[in-house]
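Report on the following structure.
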Protein chains: 2
Amino acid sequence: MNTKELVLQRKNKKISDHAVRRLPRYLKKLDELYVDGVERLSSNQLGRMLSITPSQIRQDLSNFGEFGQQGYGYNVRDLRRVIAAILGMDRNFTAILVGAGNIGHALIDHFDFNSVGVRLISAFDANPDIVGKSLGDIAIYSIENLKEMVSVHQPDIAILSVPMAYANPVAEILVEAGIKGIWNFTNVELDFPNATTVVENINFSDSLLVLSYYLSNI
Amino acid sequence: MNTKELVLQRKNKKISDHAVRRLPRYLKKLDELYVDGVERLSSNQLGRMLSITPSQIRQDLSNFGEFGQQGYGYNVRDLRRVIAAILGMDRNFTAILVGAGNIGHALIDHFDFNSVGVRLISAFDANPDIVGKSLGDIAIYSIENLKEMVSVHQPDIAILSVPMAYANPVAEILVEAGIKGIWNFTNVELDFPNATTVVENINFSDSLLVLSYYLSNI
């Protein structure tokens, strides 16, 4: 079965969000193994490396077709290619960054967008001191041009890294301009009653509270 | 039942990680409602606000005792106090930040540690240009003093925001010095064979891939 068949096949199934969130971890480990020259491995081996039960791994991957062979395991190269395709890494998604403060700046300087198949094309900010300048290859435009630029160029993803008070107003502009996905760094739960926009949150507070929970329960 | 009884009671149960990760979302919404003067609400109402099924909410909260009353719902003030305690917000956890580059700098400048009950006490970096200086109230010490400082002052949490290549070596130092929790921003899956240190990852790549998955499957 080739990648396209697998990708088509999965469209009929509803995959749990938890399973989706395990896929990047599988991919990263498979990438490492591939670089190390490993050709195949069992769900037992992969499970041990990731502290995930082998049956969980088999169940997650069975959502996307028949991979492993009894007694042979998974072919590392094929499996990583398929998971990369499932995750949309071959879709050439484009992104803009909205809010080039510290977090936005850090993402532009240090985050390897290419490694996940996304191309960062431009940034927007309200600060006149940085509008018109560039960070690396990324030009910073005025936030006043945001709606028009999104409407015209139709990037797939907006990285939202504006101050909290601007999170919902700016998100509304993005949704009205037709953005498909928002990667939300604002710590604000965005609120779009009728939009089909996909929102993925990086929520620092929630994450630190989870750590605090586990520290309280050692 | 008071907070302490509830907190003791839950110790006998194994709560799923997924349930733990929903608690901060409940807390944030309850905080908003409390500020807005709402005194009680049903699991149906809370569920609608958070796009979580009411039965999921009832099940999550039942892990920690008997809250809601049939026909009355939850008392907002009591429930938020209990969830805050469950999340360890009253434990006065202390944190140090290791790696004061862009991400570290952004956390010091903008992240409200107090809002989750954590106190940031100091930062460490290898860059001689910033060692000995301060960011706001936070003094930046040389990374060479890290092990001694952790051993002596025993902070609960280390925020790891060093470059990827240093992630595991610095984490090892922290574990050897007795750190209890690591909040890991390095995008590296840390590897401690025998440590009891709790690690909570903020993984930007994985999160963007999840967004990419959903955009590929709209």
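The values are calculated or read from the model by the stated rules, or taken from the named source; none is laboratory data. Just so we're clear, the structure is a prediction, and the values are computed from it rather than from any experiment. Cβ atoms come from the backbone with ideal geometry, glycine included; neighbour counts cover every protein chain shown. The accessibility values were calculated without ligands, DNA or RNA, using every heavy atom of the protein model including side chains. Shrake-Rupley method; radii C 1.70, N 1.55, O 1.52, S 1.80 Å.
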If B:I52 satisfies every condition in (1) of a type outside the set (F, W, Y); (2) touching a helix residue (DSSP H, G or I) at 6+ places or on another chain (Cβ under 8 Å); (3) within 30 Å of B:M164 (Cβ to Cβ); (4) surrounded by 15 or more Cβ atoms within 10 Å (Cβ to Cβ) but one, which is the exception?
(3)
Quick test for you: out of A:S151, A:S115, A:S207, pick the one residue that is over 23 Å from B:S205 (Cα atoms) and outside any strand (DSSP E or B).
A:S151
How many residues are without any contact (Cβ under 8 Å) to a residue 24 or more places away in the chain and within 8 Å of chain A (Cβ to nearest Cβ) when one looks only at the range B:114-127?
1
Against the condition at pLDDT 95 or above and more than 16 Å from B:V210 (Cα to Cα), how does A:I103 come out, does it pass?
no
Can you tell me which residue among B:N184, B:N203 is in contact with a Leu (Cβ under 6 Å, 6 or more places away or on another chain) and either surrounded by 14 or more Cβ atoms within 10 Å (Cβ to Cβ) or farther than 20 Å from A:V210 by Cα (or both)?
B:N184
Could you go through the range A:150-167 and let me know if any residue there is among the hydrophobic types (A, V, I, L, M, F, W, C) and away from every other protein chain (no Cβ under 14 Å).
yes
When A:D191 is run through (1) in contact with a helix residue (DSSP H, G or I) (Cβ under 7 Å, 6 or more places away or on another chain); (2) over 21 Å from B:L209 (Cα atoms); (3) open to solvent by less than 60 Å² (accessible area, probe 1.4 Å), the failure sits at (3)
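Here's the yes/no breakdown for (1) within 30 Å of B:A100 (Cβ to Cβ); (2) within 14 Å of another protein chain (Cβ to nearest Cβ); (3) not in a helix (DSSP H, G or I):
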residue	(1), (2), (3)
A:K14	no, yes, yes
A:D31	yes, yes, no
A:V38	no, no, yes
A:R48	no, yes, no
A:F67	no, no, yes
A:R77	no, no, no
A:A84	no, yes, no
A:D90	no, yes, yes
Determine the pairs where a residue that is of a type in the set (S, T, N, Q), located within the range B:24-42, has a partner that is assigned to a helix (DSSP H, G or I) and surrounded by fewer than 21 Cβ atoms within 10 Å (Cβ to Cβ) with Cβ atoms under 8 Å apart, the partner being 6 or more residues away or on another chain.
B:S42/B:P54
Might you check whether a residue that is touching a residue at least 24 places away in the same chain (Cβ under 8 Å) and not in a helix (DSSP H, G or I) occurs anywhere in the range A:211-218?
no
Among the residues of the range A:132-151, are any polar (S, T, N, Q) and open to solvent by less than 10 Å² (accessible area, probe 1.4 Å)?
no
Residue count, the range A:62-97 (criterion: free of Cβ contacts under 8 Å to residues at least 24 places away in the same chain and under 16 Å from A:L23 (Cβ atoms))
3
Within 19 Å of the chain's Cα centre (by Cα), farther than 20 Å from A:G88 by Cα and of a type outside the set (A, V, I, L, M, F, W, C): is that true of A:S122 in this structure?
yes
Of the numbered conditions (1) under 22 Å from the mean Cα position of the chain (by Cα); (2) open to solvent by less than 70 Å² (accessible area, probe 1.4 Å), B:Y34 satisfies every one except a single condition; which is it?
(2)
If I filter the range B:178-204 down to residues being assigned to a loop (DSSP other than H, G, I, E, B) and among the aromatic types (F, W, Y), which single residue comes out as farthest from the chain's Cα centre (by Cα)?
B:F192
Across the range A:154-177, what is the number of residues that are part of a helix (DSSP H, G or I) and either of a type outside the set (S, T, N, Q) or open to solvent by 80 Å² or more (accessible area, probe 1.4 Å) (or both)?
12
So, of the residues in the range A:98-112 that are touching a residue at least 12 places away in the same chain (Cβ under 8 Å) and open to solvent by 20 Å² or more (accessible area, probe 1.4 Å), which turns out to be farthest from B:D206 (Cα to Cα)?
A:G101
